[in-house]
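A short reminder: the numbers here are calculations on the coordinates, not readings from a lab. Because the structure is a prediction, the values reported are computed rather than measured. We place every Cβ from the backbone using ideal geometry, glycine too, and count neighbours over all the protein chains shown.
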Amino acid sequence: MTTEQAICFENDGETLRGILHLPARTASGPPPGVVFLHGWSGCRLGPHRMFVKAARRFAAQGWMCLRFDFRGRGESDGASDRTTIHSMISDTHGAIEFLRARQTVRPVVLLGICSGGKVAVAAAASDARAEGLVLWSAEPLGGLGGRPIRAGRSARVLREYAHKLARPETWRKLLRLQVHGKLVGKAILQAETPDRAERRDEDRLLEAFRAFGGRALFVYGGNDPDTKRAAHTYRRFCRENSIAHQFHEIAESNHSFYSLAWEHEAIERSAAWLARLHAWSRT
Amino acid sequence: MPGTLEEQVEIGEGTELLRGTLHRPAGTPRCAVLFCYPLFEERKSSCRPLVEAARHLAGAGCAVLRFDYRGCGDGPGDFEQYAPSDWLADVDAAAGFLIRHAPAIPFGLLGLRFGANLALQSARRLPAAFAVAWEPIPEGRAWIEEELRRKMVREMMTFGRSRASRGALREQLERGCLVDLDGYPVSPRLFRELCGDVPGETGSAHPPVLVVHVGPRDPPAARLAALRDRFSSAEFRTWRALPFWNRIGLTDCSALIRTTGDWIERALT
């Protein structure tokens with residue numbers, strides 16, 4: 001029977017909190033481990049509690065799973081506005097340390113969703129203890145994103161508003177002054193701010209990922225406009241750098257797998273891949 | 001907050017242990033507050049503001065317990081197994097735990113969205129000295145309709161059209177089928193129980209209640225009337241902000257948290 005424990009660990013002077021899923025005791029030695037990495041503004045539950053379900057599923061399969069909140073997020077300490085990709089990478093290293101200190105867990109796999117996927121890639125590039133990556137709708141790291149992703153979003157937001165203008169309902173709202181102009185402006189303009197320094201920084205992390213010696217599983221939704229390019233560029237990058245990888249597209253899924261069927265497919269496909277990874281690591 | 005402690009706790013016994021965090025203030029607590037989380041994705045999106053609210057109240061001398069209901073958040077079990085009647089029992093269990101750990105001081109509840117409904121309902125049964133309701137849901141059925149509409153909008157964004165009308169989804173639930181609400185399996189029992197309205201004051205024993213409307217504008221008149229109708233003696237406030245419980249991204253809720261802390265302070269004196 002699997003069990004769950006609330007845990008905390010320190011990293012860079014902050015207390016990070018999470019849940020450790022322990023597999024049933026087996027006679028075949030220490031278990032393999034998965035560290036779950038949530039997205040930028042998420043928490044250790046994942047979208048629609050997907051991390052909870054996945055961790056329980058993987059624990060039943062013999063994996064020790066750690067779901068934790070990055071500093072400044074969820075239940076962890078730290079100021080919300082001081083979280084950066086670097087603090088997330090450092091927290092990921094802290095989580096691997098926690099798992100490895102508890103038992104000689106091997107292999108350690110990082111499972112990240114959305115920007116947590118990008119963090120997983122960067123953390124694995126600088127920590128040889130991470131031997132596997134499961135990347136759900138992973139955002140592109142650095143130059144893999146092509147033109148700034150936010151500019152792409154902005155264009156989409158504009159297209160959505162243009163589409164709305166064709167509806168009589170929108171005009172009725174406009175005439176009654178029921179449209180919140182400030183919000184519309186914010187939605188368009190905020191999305192338009194590319195951060196070049198951040199991009200250069202990510203390029204350096206991506207450079208280090210060229211030498212990644214582990215294996216990676218990428219799972220993307222077929223209807224996810226945010227990561228269509230990411231899937232393409234990650235595939236090319238892995239091929240060019242001889243990184244062992246697999247891609248799985250969930251035909252109709254959106255970005256965060258917002259349906260029970262898509263969620264099930266992402267979890268089951270990952271569970272099967274983890275089982276194979278564990279077998280490879282023992283040979 | 002300096003001197004405060006956050007302790008991971010388990011409530012109950014057996015296989016359905018509830019998981020929570022007890023925020024202990026520095027020194028002897030002045031009051032105890034039980035937080036009631038909202039449901040669905042609102043639980044995830046409101047996680048940080050509620051943690052920050054608990055830390056603020058602990059810094060002001062309150063013992064605060066946050067916990068997950070069965071089938072929700074870090075709680076045991078699967079979502080489709082449970083319904084509001086189970087979650088009310090969970091609120092009772094958590095309240096019992098908090099009162100045992102912080103005895104002989106005023107006890108109150110704070111809830112967001114459907115959690116506010118559970119808090120208001122529980123405040124009638126438990127020895128509550130106050131209750132705070134952030135954006136309660138006055139009409140359960142209208143809320144579910146809104147959630148079904150949200151599902152359709154998400155489908156339109158994904159496929160260019162919605163796959164089933166609201167009527168068809170409602171019919172499925174009424175026929176006893178499970179409906180997939182953006183990754184949350186809604187059972188017919190959950191649907192039936194969610195369709196209830198927020199319970200109002202009964203008799204004269206209801207504790208002081210603060211109802212906060214959160215939105216960029218004043219609440220719609222009908223909504224406000226529905227709430228005023230049920231809570232004639234409650235204090236109503238509006239906090240002009242975007243609904244942080246259904247947004248991607250982080251919202252600074254410090255003004256709402258401070259207002260609530262100040263109101264609790266006054267309710268205690």
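Our summary gives the range A:1-112 a relative contact order of 33 percent, counting only alpha carbon pairs under 8 angstrom and 6 or more residues apart. Sorted from greatest to least, the principal axis extents spanned by the alpha carbons of the range B:148-198 come out as 32, 24, 18 Å. Every pair of different Cα atoms in the range A:1-157 enters the Kirkwood calculation, which places the hydrodynamic radius at 15.8 Å.
Result for chain B in a Gaussian network model with C-alpha springs under 10 Å: among B:76, B:185, B:220, the largest mean-square fluctuation is at B:220. Between helix B:114-125 and chain B there is an angle of about 50 degrees, using the helix long axis and the longest principal axis of the Cα atoms. Applying both filters, DSSP loop and at most 11 other Cβ atoms within 10 Å, to the trypsin sites (Lys or Arg not before Pro) of the range B:117-163 gives B:161. Taking the DSSP beta bridges with both ends in chain B, the antiparallel portion is around 40 percent. Here the 3J(HN,Hα) profile of the range A:115-121, calculated from phi with Karplus coefficients 6.51, -1.76 and 1.60 at θ = phi - 60°, is 5, x, x, 5, 5, 4, 4 Hz, Gly and Pro shown as x. Summarising the label geometry, the points placed 7 Å from Cα in the beta-carbon direction at residue A:196 and residue B:192 lie 6.4 nm from one another.
Here is the list for the range B:1-94: GluC sites (Glu not before Pro) lying in DSSP coil, each with at most 12 other C-beta atoms within 10 angstrom of its C-beta, are B:13. Semi-axis lengths, largest first, of the ellipsoid equivalent to the range A:188-283 are 26, 22, 10 Å, with √(5λ) applied to each eigenvalue of the Cα gyration tensor. All C-alpha pair distances within the protein assembly as shown, sorted into 10 Å bins from zero, spread as 3, 17, 28, 27, 18, 6, 1, 0 percent across the bins.
Between the alpha-carbon centres of the range A:225-283 and the range B:58-121 there is a gap of 38 Å. Restricting the calculation to Cα atoms, the range B:159-269 shows an Rg/Rh of 1.06 when the hydrodynamic-style radius is the Kirkwood one. Computed as a quarter of the hull surface, the mean projected area of the alpha carbon convex hull for chain B stands at 14.6 nm².
Bridgeable aspartates and glutamates around residue A:228 (alpha carbons under 16 Å apart, same-chain partners fewer than 8 residues away excluded): A:139, A:249, A:252.
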